[in-house]
Amino acid sequence: MLTTKSIGPEPRFGYREPILAQYEPGCFVNAVGLTNPGAQRSAQLMATLNIPEDRFLLISIFGGSVEEYVEVARIMAPHGNGLELNLSCPHAKGYGMAMGQDPLLVKEIVEAVKAAVDIPIVAKLTPNVPNIGEIAAAAEAGGADAICAINTMGPESYVSQGHAVLSNGKGGVSGKGVLPTALKCVSEIAAVVACPIIACGGISSAGNVREFQKAGATIIGIGSALVGMTTCEIAAYFKVLSKDLASAKDNAESLVRYDIDMEFNAVTLVNNESISDDISILTFDRKINVQAGEFIFLWVPGLGEKPFSVLTDNPFSLVIINLGIFTDSLIHLEPGAEAFVRGPYGIAVFPPENAKVMAVAGGTGLAAVYQLARDFGNTEIFMGARSEDRLYFEKECREVGILHVATNDGNCGYHGLVTELLKNRLKEMSDEELGNLVFYNCGPEPMVQAAEAVQKQFCSAHKIYNAIDYLTKCGVGICGACGAPDGRRLCVDGPFLQVAED
Ligand SMILES: Cc1cc2nc3c(=O)[nH]c(=O)nc-3n(C[C@H](O)[C@H](O)[C@H](O)COP(=O)(O)OP(=O)(O)OC[C@H]3O[C@@H](n4cnc5c(N)ncnc54)[C@H](O)[C@@H]3O)c2cc1C
Ligand SMILES: Cc1cc2nc3c(=O)[nH]c(=O)nc-3n(C[C@H](O)[C@H](O)[C@H](O)COP(=O)(O)O)c2cc1C
Ligand code: FES
């Protein structure tokens, strides 16, 4: 069974980053803010999914009134096998928990949704009440087919380096720290309802699953324990967990990433070099440990947090393009300003030995590409820019590889698109040379797609790796912001994602 993130009546941007913090290994606070594209768009997207026959898709929905729950339920019901009513989000004002604390209202919402759709309805409850049993009984009386407990606890704040980390100030608590409460809630609910109970809250091992089954749970939900896992690692984790449950073993927890580091380290800006109106190179006062392909998050309390590739590691520097709220503040940051770094995240890149690297960069994509050329050599860098004044780091690139430059206005290098320049270069190569290439494309999505299209004319797709700047919020695989069209998450499966064969 898979439960979606909660979907509401209208698109919601959610809170700005930081949205997730880890206060101890395996223990988290989050304030995502019910980010979702709205019911209509979600329905369109889900209509394209192929859910295997043997899987159950539970669509989580929320609303700010009984009518809104019904409206969203009607739109989403045709696309799932069941609906879960989120009556329990602790950090989005007016939604979720505000409604889930009143047994009469819970009964009314469940009844109204039951009457509107003909698929199973699950009521997901908050632990932040003194009477979860009474609320579960009210949901069952309203017709709920199952109860899910628990949603996150709190809200609580988490302070790092003297500042509250979450942009919302407070967030819901999940992971190992909430397990005892979840267990108590499940026992209380099991004492008063006959319907199945879906248990979640800090579950990560077969031992935990057995405890919850003993307490009365029929179905087990796992969320925070998946932090930091790649898509393949999640599949492997569930295989081991199933084996554990079938054989009285307890091996799955060894796969949980308690080593994921979300702590912040202080850095001070020493130089802000303006390249053009909207591009700056920020140099900080220390070295950072990062490998080619990995990225970090930079946090300036009060301003925000975003992911960046590292241009140089010693001293630590970033190249920033002004694209929005946070990057606008960064390019105006004065030397002496304090910021905080967490990471590195993502999978480091290792080109096959003896392969020739063809790296295509646009905008700030050069940061990732420069590291690659510097660390592995045997690289040709293709650097594209609108105009000469937007080029940077050319001398440094020439020191580590062969640099090909293209500008749209022709004032520097090839006159035209970098992908045309790439095609011309590939045409010159022999079959033997082409067979030895591996491609890394990093930059704006249209450039990356155009580069891929050219490369596929000469080489097989599996030799192409693309890094596209999908919106990336938590960096550890749990918020779902950075999903590529095929479902891989940039932050844990990438940022360089191998292109699939057609
Ligand atoms: C792995 C990686 C490496 C990166 N490396 C660099 C780098 O080296 N240099 C660099 O300058 N940038 C880099 N970026 C991109 C950088 O993180 C973005 O430029 C930054 O996110 C823009 O932040 P902002 O606050 O300035 O913009 P925002 O104000 O967040 O807006 C930027 C754009 O995103 C949209 N947007 C914002 N939030 C949402 C949302 N919740 N849902 C949908 N759309 C939204 C806005 O409408 C706008 O179009 C990298 C990104 C990734 C993922
Ligand atoms: C980043 C994050 C986002 C979440 N988003 C939702 C959500 O959209 N809807 C919901 O009902 N619960 C949401 N939850 C709560 C989880 O579904 C789950 O109830 C809770 O985290 C406890 O389980 P866990 O400790 O296994 O994570 C979210 C939790 C996290 C950590
Ligand atoms: S940014 Fe949260 S899942 Fe990737």
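The values are calculated or read from the model by the stated rules, or taken from the named source; none is laboratory data. It should be emphasised that the depicted structure is a prediction, and the values quoted were computed from it without experimental measurement. In this analysis, Cβ positions are derived from the backbone assuming ideal geometry, glycine residues included, and neighbour counts consider all displayed protein chains.
Looking only at residues of the stretch 429-452 that are away from ligand 1 (no atom under 16 Å from the Cβ) and over 17 Å from VAL357 (Cα atoms), we find that the one that is farthest from the chain's Cα centre (by Cα) is ALA450.
May I ask you to verify whether PHE56 is under 27 Å from GLY169 (Cα atoms), modelled with pLDDT of 90 or more and among the aromatic types (Phe, Trp, Tyr)? Considered against the rule, which asks whether it is under 27 Å from GLY169 (Cα atoms), modelled with pLDDT of 90 or more and among the aromatic types (Phe, Trp, Tyr), PHE56 comes out as no. Taken over the stretch 203-245, the criterion of being among the small types (Gly, Ala, Ser) and either more than 27 Å from GLY487 (Cβ to Cβ) or not assigned by TED's automatic domain parsing to the domain that holds ILE59 (or both) is satisfied by GLY207, ALA215, GLY216, ALA217.
Conditions (1) more than 17 Å from ASN30 (Cα to Cα); (2) touching a residue at least 24 places away in the same chain (Cβ under 8 Å); (3) more than 12 Å from ligand 2 (Cβ to nearest atom); (4) not in a loop (DSSP other than H, G, I, E, B), marked per residue:
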residue: PRO130; (1), (2), (3), (4): yes, no, yes, no
residue: ALA144; (1), (2), (3), (4): yes, yes, yes, no
residue: ASN168; (1), (2), (3), (4): no, yes, yes, no
residue: LEU179; (1), (2), (3), (4): no, yes, no, yes
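In the condition set (1) outside any helix (DSSP H, G or I); (2) in contact with a strand residue (DSSP E or B) (Cβ under 8 Å, 6 or more places away or on another chain), SER329 is compliant with all but (1).
A residue that is surrounded by 14 or more Cβ atoms within 10 Å (Cβ to Cβ), of a type outside the set (Val, Ile, Thr), within 24 Å of ALA385 (Cα to Cα) and more than 16 Å from ligand 3 (Cβ to nearest atom) occurs somewhere in the stretch 427-437.
Per the listing GLU84, GLU67, GLU71, GLU53, the residue uniquely in the same structural domain as ASN168 (by TED's automatic domain parsing), free of Cβ contacts under 8 Å to residues at least 60 places away in the same chain and outside any loop (DSSP other than H, G, I, E, B) is GLU67. Hey, any hits in the stretch 157-172 for a residue that's of a type in the set (A, V, I, L, M), in the same structural domain as ASN131 (by TED's automatic domain parsing) and within 21 Å of ILE222 (Cα to Cα)? Scanning the stretch 157-172, I find no residue that is of a type in the set (A, V, I, L, M), in the same structural domain as ASN131 (by TED's automatic domain parsing) and within 21 Å of ILE222 (Cα to Cα), so the answer is no. For the stretch 20-35, a residue qualifies if it is on the phi > 0 side of the Ramachandran plot and near ligand 1 (Cβ under 10 Å from one of its atoms), and exactly one does: GLY33. For the stretch 344-374, the set of residues classified as surrounded by 23 or more Cβ atoms within 10 Å (Cβ to Cβ), within 16 Å of ligand 3 (Cβ to nearest atom) and not aromatic (Phe, Trp, Tyr) consists of GLY346 only.
Quick check on the stretch 466-473. Is at least one of its residues surrounded by fewer than 17 Cβ atoms within 10 Å (Cβ to Cβ) and either not hydrophobic (A, V, I, L, M, F, W, C) or not in a loop (DSSP other than H, G, I, E, B) (or both)? Checking the stretch 466-473: not a single residue is surrounded by fewer than 17 Cβ atoms within 10 Å (Cβ to Cβ) and either not hydrophobic (A, V, I, L, M, F, W, C) or not in a loop (DSSP other than H, G, I, E, B) (or both). Counting only residues that are in a loop (DSSP other than H, G, I, E, B) and more than 21 Å from SER65 (Cβ to Cβ), the stretch 5-39 holds 9 of them. With respect to the conditions (1) part of a loop (DSSP other than H, G, I, E, B); (2) among the aliphatic types (A, V, I, L, M); (3) under 15 Å from CYS442 (Cα atoms); (4) in contact (Cβ under 8 Å) with a residue 60 or more places away in the chain, ALA348 lacks only one, and its number is (4).
Checked against (1) within 16 Å of ligand 2 (Cβ to nearest atom); (2) touching a residue at least 40 places away in the same chain (Cβ under 8 Å); (3) closer than 24 Å to ILE321 by Cβ, GLU452 meets all criteria but (1). Out of all the residues in the stretch 491-502, which are away from ligand 2 (no atom under 16 Å from the Cβ), outside any loop (DSSP other than H, G, I, E, B) and farther than 30 Å from SER430 by Cα? Within the stretch 491-502, ASP493 is the sole residue that qualifies.
Which condition from (1) under 21 Å from ASN265 (Cβ atoms); (2) out of contact with any Lys or Arg (no Cβ under 8 Å at 6 or more places or on another chain); (3) of a type outside the set (Asp, Glu); (4) modelled with pLDDT of 95 or more is the one that VAL357 breaks? So VAL357 meets the others, but not (1). For the residues GLU263, GLU253, GLU273, the requirement of being modelled with pLDDT of 95 or more, surrounded by 15 or more Cβ atoms within 10 Å (Cβ to Cβ) and either under 30 Å from CYS442 (Cβ atoms) or not aliphatic (A, V, I, L, M) (or both) singles out GLU253.
Residues of the stretch 478-497 that are touching a Phe, Trp or Tyr at 6+ places or on another chain (Cβ under 9 Å) and either within 12 Å of ligand 1 (Cβ to nearest atom) or not aliphatic (A, V, I, L, M) (or both): ALA481, CYS482, GLY483, ALA484, ARG489, LEU490, CYS491, VAL492, GLY494, PRO495, PHE496, LEU497. When the stretch 1-30 is filtered for residues that are under 21 Å from ARG257 (Cα atoms) and surrounded by 20 or more Cβ atoms within 10 Å (Cβ to Cβ), the ones remaining, listed by number, are PRO18, ILE19, LEU20, ALA21, GLN22, GLY26, PHE28, VAL29, ASN30. Filtering the stretch 146-158 to residues that are assigned to a strand (DSSP E or B) and either within 16 Å of ligand 1 (Cβ to nearest atom) or not charged (D, E, K, R) (or both) leaves ALA146, ILE147, CYS148, ALA149, MET153, GLY154, PRO155.
Among the residues of the stretch 455-489, just one is among the aliphatic types (A, V, I, L, M), more than 17 Å from THR419 (Cα to Cα) and away from ligand 2 (no atom under 16 Å from the Cβ), namely ALA484. The number of residues in the stretch 150-172 that are within 14 Å of GLN101 (Cβ to Cβ) and crowded, with 24+ Cβ neighbours inside 10 Å comes to 2.
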